[in-house]
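K.L.:
Let me give you the structure first, and then I'll get to my questions.
The values are calculated or read from the model by the stated rules, or taken from the named source; none is laboratory data. Given the structure is predicted, the values throughout are model-derived calculations rather than measurements. Heads up, the Cβs are rebuilt from the backbone with ideal geometry, glycines too, and the neighbour counts pull from every protein chain shown. The area values use the complete protein model at the heavy-atom level, side chains included, leaving out ligands, DNA and RNA. Shrake-Rupley method; radii C 1.70, N 1.55, O 1.52, S 1.80 Å.
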Amino acid sequence: LGLWAGHRLAPTPATPPAAPPPVPAPATAIPVLRAGDALPALSLPDLDGQALDLRQRFAGRPLLINVWASWCGPCVEEMPELDRFARSQGGQGVQVLGLALDTPGDVRRFLQQVPVGYPVVLDTPGPRDASVQLGNAQGLLPYSVLVDAQGRIVKQKLGPFAAGEVEAWARL
């Protein structure tokens, strides 16, 4: 019995280490969009989970896309200003779209406290999210993009709008 126990407790020969996992190929970089570039093809869910094709839904009129999150203090501060601007535009002016890098639940709870009259779509934050596709190479919020009626990026802004600033900024 002692021999058997000693045999079972003897160290097992070392097995060679497994080969390291292959290094993934580098992801193709997203081109940084600039003024004059076309709005990329983006289809994002609204708060009801319905896909919204940005090029199709907002074609023919200028569009201000504001990227935000419920946890972003400067984003929260500028939302009443953006809502006021959106309401002042009527049916022929600049359209406003909120693009929340957030969860649906957090966005719904936030909008109950700070309602806005413009549509909101969602995306998951990450290295290839819609904000990055719109040229936000730094990934900071808030981030705004102005698109002309022909679907070309006119302006990009990193940081919040101050009171009264959005009207001048959104002029084409």
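K.L.:
For the range 48-85, how many residues meet the condition of being of a type in the set (A, V, I, L, M, F, W, C) and open to solvent by 40 Å² or more (accessible area, probe 1.4 Å)?
P.N.:
Number of matching residues: 4.
K.L.:
Shifting gears a bit: Would you list the helices (runs of 4 or more DSSP H) that sit entirely within the range 64-172 and hold 3 or more residues that are in contact (Cβ under 8 Å) with a residue 40 or more places away in the chain and under 20 Å from Asp46 (Cα atoms)?
P.N.:
In the range 64-172, the matching helices (runs of 4 or more DSSP H) lie at 104-113, 130-133.
K.L.:
Would a scan of the range 98-106 turn up a residue that is modelled with pLDDT of 95 or more, β-branched (Val, Ile, Thr) and closer than 18 Å to Arg152 by Cα?
P.N.:
Checking the range 98-106: not a single residue is modelled with pLDDT of 95 or more, β-branched (Val, Ile, Thr) and closer than 18 Å to Arg152 by Cα.
K.L.:
Just checking, how many residues over the range 122-135 are closer than 20 Å to Leu63 by Cα and under 9 Å from the mean Cα position of the chain (by Cα)?
P.N.:
Summing the residues that are closer than 20 Å to Leu63 by Cα and under 9 Å from the mean Cα position of the chain (by Cα) in the range 122-135 gives 8.
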